[in-house]
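Quick notes on the structure that follows.
The values are calculated or read from the model by the stated rules, or taken from the named source; none is laboratory data. These numbers come from a predicted model, not from an experiment. Because the Cβ atoms are built from the backbone with ideal geometry, glycine has one as well, and the counts that use them run over all protein chains shown.
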Amino acid sequence: MRTRFFEVAKGFEDKNINLPRRTTKHAAGYDLEAAEDVIIKPFHKVGKPTLVPTGIKVFLQEDELLLLCNRSSNPTKRGLVMINGIGIIDADYYGNPTNDGAMSYNFINIKDEDILIKKGERIGQAIFQKYLITDDDNAEGERLGGFGSTDK
């Protein structure tokens, strides 16, 4: 029985998506790539972040999460910052009815010029983590959608 794995999400099957992988044996993060070309306009001109799809979903155990982290070179070299600082993918995001659990990065561009992210370009890292809950935890809710759906 498999315990955690990446898959190509529905809608991306014919897009030649590479599954995330670690590039060195001591790396904590799996490199994630852009699923398509995306232009990120300067934030001061558009006033909103840009979602960059990965075309990937992840299966996790109930007590695990996946951290979506920016590449360390993105802010200084490219001016790309994750608007939420870090992304958290919960186990129940996998296969949700809205987007099948397809993960995206939510970037803003702090430079003055457009930034082009090309399909297949590494945009971030994914790190698996276990988490704990309190003794009196009684969460009963169920996820009914994709990105940003837990407050609905």
- request: From the list I86, I39, pick out the single residue that is of a type in the set (A, V, I, L, M, F, W, C), in contact with a Leu (Cβ under 9 Å, 6 or more places away or on another chain) and over 19 Å from F6 (Cβ atoms).
  value: I39
- prompt: Taking into account only those residues within region 1-29 that are among the hydrophobic types (A, V, I, L, M, F, W, C) and farther than 22 Å from E64 by Cα, which is surrounded by the most Cβ atoms within 10 Å (Cβ to Cβ)?
  reply: I17
message: Against the condition charged (D, E, K, R), modelled with pLDDT of 95 or more and either under 21 Å from F107 (Cα atoms) or not in a loop (DSSP other than H, G, I, E, B) (or both), how does E7 come out, does it pass?
response: yes
field: Only listed residue being more than 26 Å from M1 (Cβ to Cβ) and in contact with a helix residue (DSSP H, G or I) (Cβ under 6 Å, 6 or more places away or on another chain), chosen from L80, L51, L116, L60
entry: L80
